[in-house]
Each structure stands twice: as C-alpha cells, then as structure tokens.
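Engineer: Sharing a structure with you now.
The values are calculated or read from the model by the stated rules, or taken from the named source; none is laboratory data. Computed from a predicted model, the values in this text were never measured in an experiment. Here the Cβ positions follow ideal geometry from the backbone for every residue, glycine too, while neighbour counts run over all protein chains shown. Just so you know, the surface numbers come from the protein's heavy atoms only, side chains and all, with ligands and any DNA or RNA stripped out. Shrake-Rupley method; radii C 1.70, N 1.55, O 1.52, S 1.80 Å.
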Amino acid sequence: MSTALVPETPERQAAAQRSTWVSVWVNLALTALQMAIGLFAQSQALVADAIHSLSDLVSDGIVLFANKHSAKAPDDDHPYGHLRFENAATLGIGLILAVVGLGMLWRSFEHLQAPALIPVVHPVAFLVAVLALLSKELLFRYLLRVARRVRSTMLVANAWHARSDAASSLVVALGIGANLAGLPLADPLAALVVGLMIIRMGWKFSWQAFNDLVDRAADDETEAAIRERILGTPGVRGIHDLRTRKMGDMIWVEVDIEMDGQLTIEAGHAIAVAARERVMADLPVLDVMTHFDPV
C-alpha cells in the first residue's frame, strides 16, 4: 500500500539555491584574488588554494543542477522520484575534490625536488591567505546552518567542502608565514598538505554517496525508530522483513505488518495507513510500502 510520492518542498529548494549562490560569489571573488596574488607573489601554496576555490565553483554548479532536478515529481522514467540526483551530486563533488588534491600533490613534489629554485614569496600573499581563511570559515558556518535546517546531505557536503577550504587556507597562511621567516620549503610543503586534506575529504564524500546510490539501508537508530512507531500502532501484532534504502536525504521503507486474520480488508487498510502516518510524521521517510500478514 502506498500513496503518491511527495516532491521536495519549495522552501527547501529555495534555501539550497540561495545558499549555493552565496557560495558561488564568494568563491568567484576568492579564486580571482588568490590566483592573481599567488602568481604575483610567487606562492605555490596560494595558487593551490586558488585552484581549490575554483573546484568549489564547479561543485556549486553541480549542487545547483542537482537541486533543480531533485525537486521534480515522479514521472514515467523515474517512478520513485528524482531525489538521487542529490546522491549523484555528492559523489561528483567528492570525485572533484580527489582529482584536485592529486593535482596539488603532483605540483608540490615537482617543486620539492628542486628546493634551490623555490622563491621567497611576497608578504601580500600572507594577507590574502588570512582573508581567504576568514571568508571560508564564515561561509562554512553559514552553509552548514542552512544544510541542517533543511536536512540536506548534499548541502552538508558542500558546507564541509568550504570548511576544507578554510583548513587549507590556514595551512597556506602558515606555510607562507614560514617562507617569509626564512624557510622556503614551507610554501610547497603547505601546498602538499592541502592536497592530502582535499583527497581525504573527497574520498569520504565519494564513498558515502556511492553506498547511498547502491541502496544502502538507513542506520540502525533510524530503523529502530521506524520499527517502534509501527509496532506502537493500535492493531499491529508484529512486523517482519523491514527493509530500508536511502533516496537522497529521504528513506524508502518496505515492511510486512502482522494483523488479526479476522479483520476486514477495510480495517486492515486503516491500520496500515495509521502505521504509515506515524512513521512519516517525524522521520525523514519518503514513503512506506506495506504488506498485510494475517496471524
């Protein structure tokens, strides 16, 4: 038994679009500033951070695309809706991070092999790195607040992408500061550390999204809450074969409900409807498919 799927709410979609556009403009400004100053000041670490900011622009574009398509209602080609566009977007963001990180590692190793050619950076690079650090940390806090309010893992991934930028900007600032203090190797070493941080974050998001795309079940705590609500419905004698799978940030539930075998079809249907409503009242459940078993 089931009813039509409910598409993503307009409020949730609007919040995602608004916060992502804020991220777009911040990253666009930082990318231009970091790249220009990084080349002028001869700072490999600042240029690497600019490339990281550029990858944010790509991930923001993916988020906007996925947010638009995930809000579509079910159709003939996608009878379960389009929520998995969000999972695919998270996977895309993770892969972008991993590729960017590997590129940074490669460039860092090239520079470390010729330490005598590493220049002393211009002091303005340090000021830009600190500005980028503050901007990315504020952006992270803003994006995470929005993501938690609308309960979107895709926006959480994008927020932590901004936090990884803030962390990388901190490393860059320290590396540039050490370079100015007379340690020339600090600048390419900072770029190397940034690359490792980005690869780690990319792997985390890619693996999580991949598991969701191959029908990973909800966590044990959520399944226990679903089970508790169904068993607490008057008329339900028991349940078995409870199955869940992630669809975007929502959960699809299938369950066999045990009822008194003497009930009419109408009465059994009413109990199943009540169980479904209890589950969907306060849990991120998209729909509940039920089957009646007489006992």
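Engineer: Do we find that ALA225 is in contact (Cβ under 8 Å) with a residue 24 or more places away in the chain, under 24 Å from LEU286 (Cβ atoms) and outside any helix (DSSP H, G or I) in this structure?
Structural biologist: Working: in contact (Cβ under 8 Å) with a residue 24 or more places away in the chain: yes; under 24 Å from LEU286 (Cβ atoms): yes; outside any helix (DSSP H, G or I): no.
In short, no.
Engineer: Starting from region 233-245, take each residue that is within 12 Å of ALA275 (Cβ to Cβ) and list its partners that are open to solvent by 50 Å² or more (accessible area, probe 1.4 Å) and hydrophobic (A, V, I, L, M, F, W, C), counting only C-beta distances under 6 angstrom and pairs at least six apart or across chains.
Structural biologist: Cβ pairs passing all conditions: ARG237/VAL295.
Engineer: Step by step: first the residues of region 201-242, then only those that are more than 12 Å from LEU91 (Cβ to Cβ) and modelled with pLDDT under 85, then the one that is least open to solvent (accessible area, probe 1.4 Å). Which residue is that?
Structural biologist: Here is the first cut: in region 201-242, the residues more than 12 Å from LEU91 (Cβ to Cβ) are 201, 215-242.
From what's left, modelled with pLDDT under 85: 201, 215-216.
Values: MET201: 24, ASP215: 68, ARG216: 89 Å².
Top of the filtered list is MET201.
Engineer: Against the condition of a type in the set (Gly, Ala, Ser), outside any helix (DSSP H, G or I), within 30 Å of LEU286 (Cβ to Cβ) and open to solvent by less than 60 Å² (accessible area, probe 1.4 Å), how does ALA88 come out, does it pass? Full working, then the answer.
Structural biologist: Details: of a type in the set (Gly, Ala, Ser): yes; outside any helix (DSSP H, G or I): no; within 30 Å of LEU286 (Cβ to Cβ): yes; open to solvent by less than 60 Å² (accessible area, probe 1.4 Å): yes.
It is false that ALA88 is of a type in the set (Gly, Ala, Ser), outside any helix (DSSP H, G or I), within 30 Å of LEU286 (Cβ to Cβ) and open to solvent by less than 60 Å² (accessible area, probe 1.4 Å).
Engineer: Okay, moving on. Being modelled with pLDDT of 85 or more, within 19 Å of VAL100 (Cα to Cα), within 16 Å of the chain's Cα centre (by Cα) and in a helix (DSSP H, G or I) is the requirement here; does SER164 meet it?
Structural biologist: Working: modelled with pLDDT of 85 or more: no; within 19 Å of VAL100 (Cα to Cα): yes; within 16 Å of the chain's Cα centre (by Cα): yes; in a helix (DSSP H, G or I): yes.
Criteria not met by SER164.
Engineer: Within the bounds of region 274-290, is there any residue that is open to solvent by 50 Å² or more (accessible area, probe 1.4 Å) and hydroxyl-bearing (Ser, Thr, Tyr)?
Structural biologist: no
Engineer: Additional query: Could you say whether any residue in region 142-159 is buried (at least 24 other Cβ atoms within 10 Å of the Cβ) and under 21 Å from GLN44 (Cβ atoms)?
Structural biologist: No, region 142-159 has no match at all.
Engineer: Right, another one. List the residue pairs whose Cβ atoms are under 8 Å apart, where the first residue sits in region 273-295 and is farther than 14 Å from LEU231 by Cα and free of Cβ contacts under 8 Å to residues at least 40 places away in the same chain, the second is among the hydroxyl-bearing types (Ser, Thr, Tyr) and not in a strand (DSSP E or B), and the two are 6 or more positions apart or on different chains.
Structural biologist: Cβ pairs passing all conditions: none.
Engineer: Taking the criterion of being part of a helix (DSSP H, G or I) and more than 22 Å from LEU33 (Cα to Cα), would at least one residue in region 129-138 satisfy it?
Structural biologist: At the first step, the residues of region 129-138 found to be part of a helix (DSSP H, G or I) are 129-138.
Now restrict to residues that are more than 22 Å from LEU33 (Cα to Cα): none.
Looking through region 129-138, none of the residues is part of a helix (DSSP H, G or I) and more than 22 Å from LEU33 (Cα to Cα).
Engineer: Right, something else. Looking only at region 27-56, which residues are open to solvent by 40 Å² or more (accessible area, probe 1.4 Å) and assigned to a helix (DSSP H, G or I)? Show your work before the answer.
Structural biologist: First, pick out the residues of region 27-56 that are open to solvent by 40 Å² or more (accessible area, probe 1.4 Å): 28-29, 32-33, 35-36, 39-40, 42, 51, 54.
Across region 27-56, the qualifying residues are LEU28, ALA29, ALA32, LEU33, MET35, ALA36, LEU39, PHE40, ILE51, LEU54.
Engineer: Continuing with the same structure: Looking only at region 153-171, which residues are over 12 Å from ILE198 (Cβ atoms), in contact (Cβ under 8 Å) with a residue 24 or more places away in the chain and of a type in the set (Val, Ile, Thr)?
Structural biologist: Answer for region 153-171, where residues must be over 12 Å from ILE198 (Cβ atoms), in contact (Cβ under 8 Å) with a residue 24 or more places away in the chain and of a type in the set (Val, Ile, Thr): just THR153.
Engineer: Let me ask something additional. Could you check ARG276 against (1) in a strand (DSSP E or B); (2) at pLDDT 90 or above; (3) within 30 Å of ASN211 (Cα to Cα) and say which number it fails?
Structural biologist: Looking at each condition in turn, ARG276 falls short on (1).
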